Each structure stands twice: as C-alpha cells, then as structure tokens.
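Below is one structure, written out as structure tokens, with a few remarks after it.
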C-alpha cells in the first residue's frame with residue numbers, strides 16, 4: 001500500500017502535488033472550523049507538508065508549513081476559540097509554525113539522504129557507471145517508452161587480458177584501465193547515461209531507436225577509440241563486442257536479455273577483438 005502510494009505521487013508532476021497539497025490544507029482548515037475546538041487535526045496538517053517536502057522540494061515544504069499554520073490560525077478564529085489574552089493565539093501560531101517548519105526540514109533532509117544512498121547503491125564504485133541492477137532498470141524504462149515500435153540495440157563489451165595487466169603492473173593499474181575504458185565508452189556512444197558495468201570486465205550499452213546499421217557504425221567507432229587507448233598504454237587488452245539489434249523493441253527486458261546473452265556467449269567462445277551484431281527483424285521471444 002505504501003509503495004503504491006509512493007509510486008503514484010512519484011509519477012505526478014510537481015505542480016500537481018503542490019496544488020493537491022494546497023487544496024488538502026484548505027479542506028482540513030474547513031473541517032477544523034466546522035468541527036469546533038474539541039477536535040484537533042494536527043497530524044492531518046502534516047500530510048500536505050510531507051507531500052511537498054518529500055516529493056517536490058524543501059522550499060515547497062516550507063511554504064506549505066507556513067500556509068498550513070496560517071490556515072489553522074484562521075480555522076481557530078472561525079470556530080470561536082477564545083483565549084484569556086489575545087497574544088496567546090499568536091503565540092500558538094508561532095509554535096505551530098515552528099513545528100511545521102521543522103517537520104518540513106526533516107522530511108526534505110531524509111529524502112535527500114535516501115536519494116544519495118540510492119544513487120550510491122545503483123553505481124559501480126570503481127567506474128561510476130550504473131551497476132547491473134540499475135542498468136537493467138534503465139533498459140526496462142527504455143523498453144516501456146519505446147512501446148514495441150522503435151528499433152533498439154543492446155551491446156556488450158567484454159575486456160580480455162585484464163588479469164595479465166593486473167599480474168604484471170598491479171591491480172591499481174588494472175583499475176585505472178577499467179576507468180579509462182568506461183570513460184571511453186561513454187564518450188563514444190550517443191547515450192552515455194545508458195552505459196553500465198555488468199560484471200568485472202563486462203560493460204553493456206543500450207542504443208534506443210537504433211537500427212543494426214547505425215549500431216554497427218557506433219560500435220565500430222567505439223572499438224576504434226578503445227584500441228587507441230590500448231595503444232596509448234601498450235597493454236595487452238582485447239575488446240570483444242557483441243550486440244543484438246531488434247527492428248522493433250521487445251515487450252519485456254527478459255526477451256531482450258535472452259537474445260543478447262546467447263550472442264555474448266558465442267563471442268566469448270570465439271575469436272577475440274571482434275564485433276558481432278545480430279539483427280532480429282521480429283520481436284525477440286523467449287525460446
């Protein structure tokens with residue numbers, strides 16, 4: 001239930017969430033005024049503040065906190081609440097505003113920390129690329145966006161000879177080469193955000209709205225750039241590139257990965273330092 005609600009609000013625009021929070025606050029103020037002084041709505045006033053702080057920004061949360069406190073103040077006045085001294089009403093207004101602002105600040109900070117942790121968890125610590133799980137989530141999003149209409153290619157780069165580099169020059173040099181390889185791949189593909197490190201020496205690249213011919217040009221340029229890096233450092237590395245290019249994007253990520261894995265296994269078992277692209281005219285199926 002909580003996850004469904006979170007997903008629902010994540011998909012809404014900032015304007016929609018802000019407008020909903022304002023309307024909800026006004027509605028709570030109305031209920032507060034008509035129910036009199038005996039029933040309190042403190043926790044309910046926190047809901048729109050939470051929505052603004054968590055799903056939009058700290059600034060909106062702060063504005064909603066002050067707005068909610070003001071609405072509560074007006075509702076108290078309309079409900080006929082009386083005090084022994086007039087200043088008490090303003091003192092209560094000040095205290096509520098402080099509580100609401102503190103709540104908004106805490107929620108915004110928690111969301112920022114959660115986003116930071118999620119980002120770290122979704123990244124490969126060495127190269128900074130999306131890790132396997134994050135990359136597959138990106139692929140799933142692109143498949144959903146393509147609506148099984150646009151062409152799509154998924155490529156894999158398997159780096160050979162890295163263990164020899166580690167044994168001869170040390171693991172720091174091998175790590176440096178992996179970082180250089182990752183940066184080179186990102187710099188030579190049209191969608192650098194769709195590059196991921198899947199395993200120790202394996203990288204994957206998604207090429208949305210790309211035919212087999214276009215994929216071949218992109219991957220050839222990428223391999224040439226990788227070979228230039230290899231010559232620069234004189235390391236005995238090989239780059240085996242395999243790709244599956246679908247004329248129509250698959251309906252599921254499982255279907256695409258199934259076809260891609262078959263091609264990757266063939267390349268790993270064959271000649272090194274090559275490019276192989278399999279063109280699939282129909283939507284890939286699990287068979």
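Worth pointing out:
- Over the chain: helical MRE at 222 nm, DSSP H runs n ≥ 4 each giving -39500 (n - 2.57), nearest 500: -21000 deg cm²/dmol
- Overall shape: prolate for the range 2-121, with the ratio a/c of the largest to smallest alpha carbon gyration tensor axis at 1.5 or above and a/b above b/c.
- When both bridge partners sit in the chain, DSSP labels roughly 75% of those beta bridges antiparallel.
- Relative contact order for the range 132-280: 35 percent, from Cα pairs under 8 Å spaced at least 6 residues apart, divided by residue count.
- Each of [x] 0.96; [y] 1.22; [z] 1.02 is a candidate for Rg/Rh (Cα atoms, Kirkwood Rh); the one calculated from this structure is [y].
- The mean sequence separation of alpha-carbon pairs under 8 Å and at least six residues apart, normalised by the residue count of the range 155-207, gives a relative contact order of 44 percent.
- With neighbour counts taken as other beta-carbon atoms within 10 Å, the residues 95, 66 rank, fewest first, as 95, 66.
- Between the range 105-136 and the range 51-81, the alpha-carbon centres lie 31 Å apart.
- The range 93-170 shape via C-alpha gyration tensor axes, a/c threshold 1.5: oblate
- Ordering 84, 35, 25 from the fewest to the most neighbouring beta carbons within 10 Å gives 84, 35, 25.
- Largest mean-square fluctuation among 161, 80, 196, in a Gaussian network model of the chain whose springs join Cα atoms under 10 Å apart, belongs to 80.
- Relative contact order computed over the chain (Cα-Cα under 8 Å; 6+ residues apart), in percent: 16
- Relative exposure of 91, 191, judged by other C-beta atoms within 10 Å (fewest first): 91, 191
Only the coordinates and a few stated rules stand behind these numbers; no lab work does. Computed from a predicted structure; not experimentally measured. We place every Cβ from the backbone using ideal geometry, glycine too, and count neighbours over all the protein chains shown.
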